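**Q** Pasting a structure below so you can have a look.
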Amino acid sequence: MPPLRRKRGHLVVAVDFGTTSTAVSYVLVPEGTNPQDVSPDAIETIENWPTCIQLRSSEPMRMEVPTVITYPTGWDFQSRTNPSSDDPPPISSFDDMIREMRKFRRESFGGVANDAVVQPRWGYQVHRDLGLVSIHDDPSKRPAVNFKPLFGLVESEKELRRDGTNSLRDLHSRTPNRHKITLNDLHLHVTVDFFVFVLQHTKNELEAKDFDITATEVVVCVLESWSSKVLRKMQSCVTAAMKHVRFPGIDPNDNSIDRVFLVTEPEAAATYMLTGRGGGTVNGSTHKVTAQAPLRLEKLVVNPDSDTCGSTQLNAGFRRLLHQLLDDETYLEDGQTTIQGIVEGFVFKDFEYDIKRSFNLSERPIGYHRVHLKGLRKGGRPELNDNELAISRESIYHIFMDVFKRAAKVMTDQLDKARRKRISVDKVVVIGGLASNPSFLAYMQQKLAMWNHKNRSQCKIQVPDEIKRGMVINAVASGAVLRALDKRNGPSRQARCSYGLLRLEPQDPEGRKGLRNSFTKDKWLRTIYWVIQKGSEIVPSDTKIYEAMTPFPLFDGNSRNKFRGPYICRQDIYLSDTAYKCHRHEEHEHNLDAENLGYLEFDVSRYYERGRFLTRHAGQNHDGVVVTEPHTEFHWQIHFVVDGLNLACCAVVDGNVEAVLKVSMASGFDPSTE
């Protein structure tokens, strides 16, 4: 029997990075197939997460993994960032950061097992650990949490950012080389490390499929509120992790991934009005549909609403309840076990994977949920029994109702805003973690019905079919893949950033401090010339050419010996989210946020032997003063080549490409731009 042919094609893989959970979806587009013809049913979601806690065969949580990571004591983060800098490292330093991490961790991340190195734990591994009471009393076992909200400044996520910052500070205090690494840098390390684990598992699952992957397109789900700078940081983290695990279809030696597509979570979910029901927050945003096939969303038609009232807040409510019941039972503490540890163990063992998933709004909240607690003594309250804690179902009911009410308010606030603008909203689509909870959907439908009655509206909640109910949880990741397969009718290609280069210009009449040219004796200013300017329309295929010249001395120092090199040409490339005007000094306030993306550097010594250099002899003015020293000039070109969402900055000499700096421009456009 002939062997089965491997499925050959290009892979589209989407990463939905969530506050409490992360999902990955993918599809293989067969060779010769138009991506637009791929059926949505072909899209799959990564499962089999290590040590996944699955209570039921149809458990929807199997399609996502908790966004948490724990580092062993003494874990050495390698970094080259400036320890005195409060700013995040520039894009080019991510590659340096990963290269330095590789040697130290090659056998720790997705490689050969190394018994001598205690590896970080992540995802469900951490959740299993958190179900153990003793873990919570060991500072070295505290996980890094809520590191996604640290990328933005959403007002409603203050509490989450505080918790995330505190967890990073705790980790930082236990880091041996903490004096060499900033908190911002540590945040990026943690994010990259988490993506490394997620993508290594994804790679393993794909290898089991035995695909023949010719190329990979990476889709990154982002928030609508994120700035271009935040988008670049997120894109760089995913890129660094993909290169580290040598993800199939990605060149690990390249400084950029050619095929990156950013899509906002609402667009990925392809909704009219989105209530993103995730783990940490509830986000509501209202959009106008501008195209039905493929479905496209216009810019926000009303300002978005958000509240910190997701799954994380359910945990916080249960945590408060347990403290109310147990804080006075200090006899339970024996030096190794604390009340705090007992509470956290119940939160992650009983509440997270039992109570939370089985809560039913239609059941009367009577009686108690009983859990074993060794050493607990019977007290004067009905909740306290010998070796057993009885938790009032009514108290649990109120925890859920508090979160449900706040989530419903996000929805009705969006509807009210739209109504005041005379915008009719037809549908509400609920996605995310608890969106698969029937009680949550029932409550949202009840509140929407009340709003409809009051406002004489017929808005409906789009409830998936029962068979597809379990797929709600990965709607963003799968929708992102679907969106990437059909990019028609996307946003205009208007640049959100400027890309340029450093150049010298004659000092202007204002007499600003200039640099004296050692060859011509003139004074020059170091300015940034923005080749691609913010706000301009960028065609998908374009080349902009800039003429460059590098001078070299004719003689070696003060001697009369001929200069023999080295003949090195270098050009720095810059990016800015705000600047677009040329002829401004590099330190001008207009260029304050300019970032160095990297540089072009190459040796042109061989061109000297070919007579390619121009010789400039000494020159004098009418007073006999030497105004030009003898020197040579090498003329070359810088090509800014735009290819879709990619930019290649090329050093070109006589048609030969001498050096290339590749930059992904995906974050330089509105998300979903083709």
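The values are calculated or read from the model by the stated rules, or taken from the named source; none is laboratory data. If you're wondering where the values come from, they're calculated on a predicted model, not measured in any experiment. For neighbour counting, all protein chains shown are included, and Cβ atoms are generated from backbone atoms with ideal geometry for every residue, glycine included.
**Q** Mind checking which residues of segment 537-573 are assigned to a loop (DSSP other than H, G, I, E, B) and surrounded by 13 or more Cβ atoms within 10 Å (Cβ to Cβ)?
**A** 538, 554, 563, 567
**Q** Tell me the residue from 102, 161, 106 that is of a type outside the set (S, T, N, Q) and either modelled with pLDDT of 85 or more or over 25 Å from residue 243 (Cβ atoms) (or both), please.
**A** Answer to the check: 161.
**Q** Can you list the helices (runs of 4 or more DSSP H) found entirely within segment 117-212 that contain at least 2 residues being without any contact (Cβ under 8 Å) to a residue 60 or more places away in the chain and surrounded by fewer than 21 Cβ atoms within 10 Å (Cβ to Cβ)?
**A** Answer list for segment 117-212: 158-173, 183-209.
**Q** Only one of 498, 518, 478, 492 is surrounded by 13 or more Cβ atoms within 10 Å (Cβ to Cβ), among the hydroxyl-bearing types (Ser, Thr, Tyr) and at pLDDT below 90. Can you tell me which?
**A** Only one candidate passes the filter, namely 478.
**Q** Does at least one position in segment 22-36 carry a residue that is buried (at least 22 other Cβ atoms within 10 Å of the Cβ) and not in a strand (DSSP E or B)?
**A** There is no residue in segment 22-36 that is buried (at least 22 other Cβ atoms within 10 Å of the Cβ) and not in a strand (DSSP E or B).
**Q** Condition first: of a type outside the set (A, V, I, L, M, F, W, C), out of contact with any strand residue (DSSP E or B) (no Cβ under 9 Å at 6 or more places or on another chain), at pLDDT below 90 and in the same structural domain as residue 201 (by TED's automatic domain parsing). Can you find one or more residues in segment 65-73 that meet it?
**A** Checked segment 65-73: at least one residue is of a type outside the set (A, V, I, L, M, F, W, C), out of contact with any strand residue (DSSP E or B) (no Cβ under 9 Å at 6 or more places or on another chain), at pLDDT below 90 and in the same structural domain as residue 201 (by TED's automatic domain parsing).
**Q** Name the residues in segment 16-42 that are more than 22 Å from residue 5 (Cβ to Cβ) and of a type in the set (Val, Ile, Thr), would you?
**A** 19, 20, 22, 24
**Q** For the condition over 25 Å from residue 539 (Cα atoms), assigned by TED's automatic domain parsing to the domain that holds residue 525, modelled with pLDDT of 90 or more and among the aromatic types (Phe, Trp, Tyr), what is the one hit in 599, 607?
**A** Every option except 607 fails the conditions.
**Q** Criterion first (of a type in the set (Lys, Arg) and at pLDDT below 90) does residue 447 satisfy it?
**A** In short, no.
**Q** Let me ask you something else. Just to be sure I understand the filter: pairs with C-beta atoms under 6 Å, separated by 6 or more residues or on different chains, first member in segment 396-420 and in contact (Cβ under 8 Å) with a residue 60 or more places away in the chain, second member in a helix (DSSP H, G or I) and of a type outside the set (A, V, I, L, M, F, W, C). Which pairs pass?
**A** Every condition considered, the pairs that remain are 399/317; 403/313.
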